[in-house]
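Asks: Below you will find the structure I want to go over with you.
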Amino acid sequence: MKKVNIKIPTDTGSLTLLVAIFSAFVTTFSGSALNLSIPAIDNEFSAGATAIGWIISGYILAAATLSVPIGRLADLTGRERILKAGIIAFSVCSGATCFAGSMEILLLLRILQGISGAMIFSTNQAVLISRFSREKHGKVLGYFIGATYTGLTAGPVLGGILNHLFGWRSIFLVTFIIGVITFALAKMVLPSSSDSLRGTVKEMDLIGSLLFIITIFSMMYGLSAYSTEAFAKYLIPVSVLLFMFFVRHELHAQSPVIQVRLFRKNIGYLLSNLAALLNYGATFALGYLLSIYLQVIRGFDSQAAGLILISQPLIMALLSPFAGRLSDRIASHKLASFGMGLCALGLFLFIFISAEFPLVLIILYLIIVGIGFAFFSSPNTNAVMSCVEPRDYGVASSILATMRNLGHSSSMAIVTFIVATFLGSTPLSETDAASLIHVMKVSYIVFTCLCIAGVFISLKRDRV
């Protein structure tokens, strides 16, 4: 019998892109889908507002505080190894959550999921671009970021359906299935050892890592609990002092967690991260404010409000691949500045919102912000990663993720401060429409100013 050799064509670059896309999708999908299930979880466990809030906050804090140290560890010991471990751990935690019998176990699993999420956030982007030449970074980053926004878009829709038909545990079951498929693909595509392997765990700066974790935790907790916890306001100046100690330590460390000198030597890298912080800080609370507006003032139910708000992430998901490809041909900072300018325009237009504002204009303004964010996110990420050597991709992507988390926390802290200033402790349901509209107008003015400042910072990269 004649032996037939069957050659299976393999394109490791495309398969790696699939791993990155699936891992980006599953992490963002699980978070955005879970938001709609919070009332159902509260009803089952009778946990109370504070405990139920930690289901979201515990995950975010764990992911934000550990992303950079894990990114550094991955750069030293192998990104592919850390990525695969993160995917399987995230999947196992999701599967175990389906059987959580108490609030304490659920909170523990969510924190562990945040740790495994940090392993994914700090490596999937770095692994992806290390497989492609710099000329294709914008293209693949566009698809990667598009998958992130697809997860954010599909989460509320699919999560609402799953929660309604099968209960909140079904969301974690779907996450588990997608995670297992992603791990199987990663196991097949990614090698056991990394080309970026250049050190050992013994080279980790443990003191610097600990300082970073405490600093970011203090800052994020202080921002998120500024108006609800009396001691939280003191955590912000404490985190600033800790950050100064961290910088001083890193300047003298033999193997620092973050190459602090890079921010001073490479101004483009500093400005790109600062632009990301300002853009996320200016735009994140937009959905929160509009959700209140649509449900409290206009009387829509949560499903109708979600369908209106989905217009922004949907546009971001559709346009991010195009913006990424474009950033390979046009200077990334110019596209990012243009995108942030559109975000500023959209936020400015929302200043004129009223109790009887036409829904078509709300959707139009959300689309403007969505287009702007699509043209900012992929090109700015490309600009950041172009500023560092391949050996530091893990830490660079982790720092960018930290800027995003800090921006999100700052955005909500600004809204919380404005609400506390003008409304005090009055429940939203008991506040008159005129007062709510005033709070929103003030918020949009502040966010527009932040976004405009970000545009100037982004444009300044042209002089670097």
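The values are calculated or read from the model by the stated rules, or taken from the named source; none is laboratory data. The model shown is predicted, which means the values in this text are computed figures rather than measured ones. Here Cβ is always computed from backbone atoms with ideal geometry, including for glycine, and neighbour counts include all displayed protein chains.
Asks: Hey, among the residues in the stretch 280-306 that are without any contact (Cβ under 8 Å) to a residue 24 or more places away in the chain and within 23 Å of the chain's Cα centre (by Cα), which one's farthest from Cys343 (Cα to Cα)?
Replies: This residue is Ala305.
Asks: Right, something else. Which of the following residues is under 30 Å from Lys233 (Cβ atoms), modelled with pLDDT under 85 and assigned to a helix (DSSP H, G or I): Ser429, Ser397? Full working, then the answer.
Replies: Details: Ser397 fails: under 30 Å from Lys233 (Cβ atoms).
Being under 30 Å from Lys233 (Cβ atoms), modelled with pLDDT under 85 and assigned to a helix (DSSP H, G or I) holds for just one of Ser429, Ser397, which is Ser429.
Asks: Going by what's in this entry, would Asp301 be described as of a type in the set (D, E, K, R), modelled with pLDDT under 95 and surrounded by fewer than 16 Cβ atoms within 10 Å (Cβ to Cβ)? Spell out the reasoning first.
Replies: Details: of a type in the set (D, E, K, R): yes; modelled with pLDDT under 95: yes; surrounded by fewer than 16 Cβ atoms within 10 Å (Cβ to Cβ): yes.
Judged against the criteria, Asp301 is a match.
Asks: Something else: Pick from Leu173, Leu152, Leu109: which is free of Cβ contacts under 8 Å to residues at least 40 places away in the same chain and more than 15 Å from Leu18 (Cα to Cα)?
Replies: On the way: Leu173 fails: free of Cβ contacts under 8 Å to residues at least 40 places away in the same chain; Leu152 fails: free of Cβ contacts under 8 Å to residues at least 40 places away in the same chain.
Just a single option satisfies the conditions, and that option is Leu109.
Asks: What residue, among those in the stretch 111-149 that are of a type in the set (Ser, Thr, Tyr), assigned to a helix (DSSP H, G or I) and over 13 Å from the mean Cα position of the chain (by Cα), is nearest to Tyr393 (Cα to Cα)?
Replies: Looking only at the stretch 111-149, we keep the residues that are of a type in the set (Ser, Thr, Tyr), and these are 116, 122-123, 130, 133, 143, 148-149.
Still in the list and also assigned to a helix (DSSP H, G or I): 116, 130, 143, 148-149.
After this cut, where a residue has to be over 13 Å from the mean Cα position of the chain (by Cα) as well, the list is 116, 130, 143.
Values: Ser116: 19, Ser130: 8, Tyr143: 18 Å.
Per the stated criteria, the residue is Ser130.
Asks: Can you tell which of Ser67, Ser94 is within 23 Å of Asp392 (Cβ to Cβ), of a type in the set (S, T, N, Q) and in a helix (DSSP H, G or I)? Walk me through it before giving the result.
Replies: On the way: Ser94 fails: within 23 Å of Asp392 (Cβ to Cβ).
After ruling out the rest, the residue left standing is Ser67.
Asks: Does Val384 satisfy the criteria of being more than 22 Å from Ala336 (Cβ to Cβ) and assigned by TED's automatic domain parsing to the domain that holds Gly324? Walk me through it before giving the result.
Replies: Working: more than 22 Å from Ala336 (Cβ to Cβ): no; assigned by TED's automatic domain parsing to the domain that holds Gly324: yes.
The answer is no for Val384.
Asks: Among (1) over 24 Å from the mean Cα position of the chain (by Cα); (2) in a helix (DSSP H, G or I); (3) not aliphatic (A, V, I, L, M), there is one condition Gln254 misses while meeting the rest; what is its number?
Replies: All conditions pass for Gln254, except number (2).
Asks: How many residues are among the hydroxyl-bearing types (Ser, Thr, Tyr) and surrounded by fewer than 24 Cβ atoms within 10 Å (Cβ to Cβ) if we restrict to the stretch 60-81? I'd like the intermediate steps shown before the answer.
Replies: So in the stretch 60-81, the residues among the hydroxyl-bearing types (Ser, Thr, Tyr) come out as 65, 67, 77.
The next check asks that each one be surrounded by fewer than 24 Cβ atoms within 10 Å (Cβ to Cβ); those that pass are 77.
Total meeting the criteria: 1.
Asks: Search the stretch 82-116 for residues being under 19 Å from Glu44 (Cβ atoms) and charged (D, E, K, R), and hand back the single one that is surrounded by the most Cβ atoms within 10 Å (Cβ to Cβ).
Replies: Checked the stretch 82-116; the qualifying residue surrounded by the most Cβ atoms within 10 Å (Cβ to Cβ) is Arg110.
Asks: Another question about this same structure. State which residue is surrounded by the most Cβ atoms within 10 Å (Cβ to Cβ) when the search covers only the stretch 223-282 and only residues that are aromatic (Phe, Trp, Tyr) and under 19 Å from Phe447 (Cα atoms).
Replies: Of the residues in the stretch 223-282, the ones aromatic (Phe, Trp, Tyr) are 226, 231, 234, 243, 245-246, 263, 269, 280.
Okay, now just the ones that are also under 19 Å from Phe447 (Cα atoms), so 226, 280.
Numbers: Tyr226: 19, Tyr280: 23.
Per the criteria, the residue is Tyr280.
Asks: Can you tell which of Ser227, Ser218 is modelled with pLDDT under 80 and among the hydroxyl-bearing types (Ser, Thr, Tyr)? Steps first, answer last, please.
Replies: Working: Ser218 fails: modelled with pLDDT under 80.
On inspection, the qualifying residue turns out to be Ser227.
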